[in-house]
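The values are calculated or read from the model by the stated rules, or taken from the named source; none is laboratory data. Here the structure is a predicted model, which means the values were calculated and not measured. Here the Cβ positions follow ideal geometry from the backbone for every residue, glycine too, while neighbour counts run over all protein chains shown.
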Amino acid sequence: MKSIKTILFMMMAIVLLSSFAFAAGDAVKGKAFFNDTKAFAGTSACNYCHTNGKGLENAADKKEFKAMGKPRKGLEEMVNSCIANSSKGKAVDPKSEQMQNTIAYIKSLKVKAAAPAAPGY
Ligand code: HEC
């Protein structure tokens, strides 16, 4: 009886973990993409202009962006605008793993920037 419960629990954990990993994207892989000049067949990596993600700390919270004088709806469109116009590369599918990982990395910048000082200090 106990082993059935254990197996069920493990199956649940695997299902939960894998769906979470997909939905959330992988910030570590996103960072690699961000730093890789050749990641999207462009001329410069994201990191060339946004060194260590600088200036993108608030991007994860924005719903609308403006780039090259045009509105961009959502982070995916903004990232693709930078890929196509700034990096001179090929836009990636907004639903692709590459895009989700890149967004996970941009979200991780927010967490770092927003880390509050511990109360009482
Ligand atoms: C050649 C320089 C350059 C490169 C390379 C570049 N960007 Fe940008 N990025 C900019 C500039 C400039 C802006 C400000 C918006 C504008 O005027 O286009 C910007 C804006 C952004 C924003 C919106 C920030 C905000 O808070 O409004 C995001 C997100 C972003 N870039 C992500 C990326 C990603 C991801 C890559 C790599 C795929 C990348 N950028 C490559 C220059 C660059």
*asked:* Can you find a residue that is crowded, with 17+ Cβ neighbours inside 10 Å, in contact (Cβ under 8 Å) with a residue 24 or more places away in the chain and of a type outside the set (A, V, I, L, M, F, W, C) anywhere in the range 60-75?
replied: no
*Scanning the range 46-98 for residues that are among the charged types (D, E, K, R) and part of a loop (DSSP other than H, G, I, E, B), which turns out nearest to the ligand (Cβ to nearest atom)?*
K62
_Criterion first (touching a helix residue (DSSP H, G or I) at 6+ places or on another chain (Cβ under 6 Å) and at pLDDT 95 or above) does F40 satisfy it?_
no
